[in-house]
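The values are calculated or read from the model by the stated rules, or taken from the named source; none is laboratory data. All figures in this text were calculated on a predicted structure; none of them were measured in a lab. Note that we place each Cβ from the backbone using ideal geometry, even for glycine, and neighbour counts take in every protein chain shown. Side chains are part of the model used for accessible areas, which takes the heavy atoms of the whole protein and leaves out ligands, DNA and RNA. Shrake-Rupley method; radii C 1.70, N 1.55, O 1.52, S 1.80 Å.
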Amino acid sequence: VNTIFGNTLGHEGSLSVNSGRRFTKLNWNASFVYWTEEREVSSDFSSKIGRLDMSYQVSREFAVLGSVGYQNRKSGGTFGDFDGFIWDAGFRYAPGPRTSLSFRYGNQYQGDTFSLNAQYKLTAKSTISLAYTDVLQTFQSLALEDNGGSPFNSTQESSFISGDLTRRKRWSLSIRGE
C-alpha cells in the first residue's frame, strides 16, 4: 500500500473462540489479534491484543457484561505506545423483545472509556439505534475509520496522521429497515 508512510507492508493474524449456542447463562469470546506494519518512510508499527469478553444472563431482562485483556502497541510515535491491562464492565437491559439498552465503562491506554447502545425494533425488519462512544484511539486509526478503511493516496496532505492518541466522543443515530 502506498501511503504517507511510503510503501507499507502489513500483516494481520487473528484468532477467536467462543462459548457457542449451548451456553445460555454465561457466554464468552476469547480473541487475539496481531498486526504489524513495515513502513518505508516512518518507523514500523505493531500491535497485539488479547481479550476475553463475557456476559452473564442474570434474568430474562438483565445481563452483566465485561471484558479483560492485554494490549501491547509499539508505534515509534511519542504518545502512541502502550503496554498494559485493558478492561470494561457494564450491563445490558432488554425489557422486551423489541428494546435493548447496554452501557459499558472501562479503561484503555490509561484513560477511561464509555459506551452506550440503545436499540428499538420498529417492525420485524426495521430498527432504530442510538449509540455513544467515548474512547481513546490513535489519529491513524481515526483517519482510516473516517476514510472507510481505504488506503490513503500519498498525494493527499496527510501530515496530521500519526500514531499519537486522541479522545473521540461520538454520538450516532441510525434507522435501518426494509
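Checking the stated criteria, residue 99 turns out not to satisfy the condition of being buried (at least 17 other Cβ atoms within 10 Å of the Cβ) and polar (S, T, N, Q). Only one entry of 41, 58 meets the criterion of being within 28 Å of residue 74 (Cα to Cα) and either modelled with pLDDT of 85 or more or open to solvent by 80 Å² or more (accessible area, probe 1.4 Å) (or both), and that entry is 41. Exactly one residue among 100, 141 is at pLDDT 90 or above and not in a loop (DSSP other than H, G, I, E, B), and that residue is 100.
Identify the residue in the range 67-78 that is over 15 Å from residue 19 (Cα atoms) and open to solvent by less than 30 Å² (accessible area, probe 1.4 Å) and, among all such residues, is modelled with the lowest pLDDT. Checking each candidate, the answer is 77.
Here the range 1-25 is the region considered, the condition is being under 26 Å from residue 91 (Cα atoms) and surrounded by 12 or more Cβ atoms within 10 Å (Cβ to Cβ), and the residue that is modelled with the lowest pLDDT is 23.
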